[in-house]
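Written out below as structure tokens is the structure these notes cover.
The values are calculated or read from the model by the stated rules, or taken from the named source; none is laboratory data. Keep in mind that this is a model prediction, so the values were computed, not measured. Counting neighbours? That spans all protein chains shown, and the Cβs are built from the backbone with ideal geometry, glycine included.
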Amino acid sequence: MKALIQRVSSSKVNVSGKSVGSIEKGLLVFLGLEKQDTRSMADKMINKIISYRVFPDQNQKMNLSLKDINGEILIISQFTLAADTKNGTRAGFSTAMPPLDAQGLYDYFVEETENSSLKVQTGVFGADMKVSLVNDGPVTFLLEV
């Protein structure tokens, strides 16, 4: 399981020209699911994301987490994060979780994140999405569990 997280001052996602999710200060999360991923791994990733210290404290050090600042989170499914890019000039997707399985784990991930009491927004699983953001920093991390 991979999550590309970006600290944002705002982000939104549109599907077919309509806004389906938007946040202000918080994290934009692109979630890539691989064949071996489990609910237990999802739980670990959720905890890591909401606890990861990427926001500045009073001394401008990255010491505060999403839950510390009561930030918002926008979760976008992105199967291309599960791509094998080691060889050649075209990505392979044999390591990506099949769509039906991925949808179930993605839905679980979203539901469990909503239990954190943070404001959670999402894209639409499997849709052609247009994501915009104002990356704050820029601060971007690739998390794996």
- For the stretch 29-64, what are the residues that are assigned to a loop (DSSP other than H, G, I, E, B) and crowded, with 18+ Cβ neighbours inside 10 Å? Leu33, Asp37, Tyr52, Val54
- Message: With the requirement that a residue be buried (at least 18 other Cβ atoms within 10 Å of the Cβ) and either more than 28 Å from Phe93 (Cβ to Cβ) or modelled with pLDDT under 95 (or both), what does the stretch 8-27 give you?
- Response: Ile23, Gly26
- Task: Out of the residues in the stretch 107-145 that are among the charged types (D, E, K, R) and under 18 Å from Val54 (Cα atoms), state the one that is surrounded by the most Cβ atoms within 10 Å (Cβ to Cβ).
- Result: Asp136
- Condition test on Phe30, is it within 24 Å of Gly104 (Cα to Cα) and modelled with pLDDT under 95? no
- Across the stretch 70-87, which residue is farthest from Ala127 (Cα to Cα) among those that are of a type in the set (Val, Ile, Thr) and exposed (fewer than 15 other Cβ atoms within 10 Å of the Cβ)? Thr85
- Note on the structure: How many residues of the stretch 63-82 are out of contact with any strand residue (DSSP E or B) (no Cβ under 6 Å at 6 or more places or on another chain) and touching a residue at least 40 places away in the same chain (Cβ under 8 Å)? The answer is 3
- Just give me the residues in the stretch 15-36 being in contact with a Ser or Thr (Cβ under 6 Å, 6 or more places away or on another chain) and among the hydrophobic types (A, V, I, L, M, F, W, C), in sequence order. Ile23, Leu28, Leu31
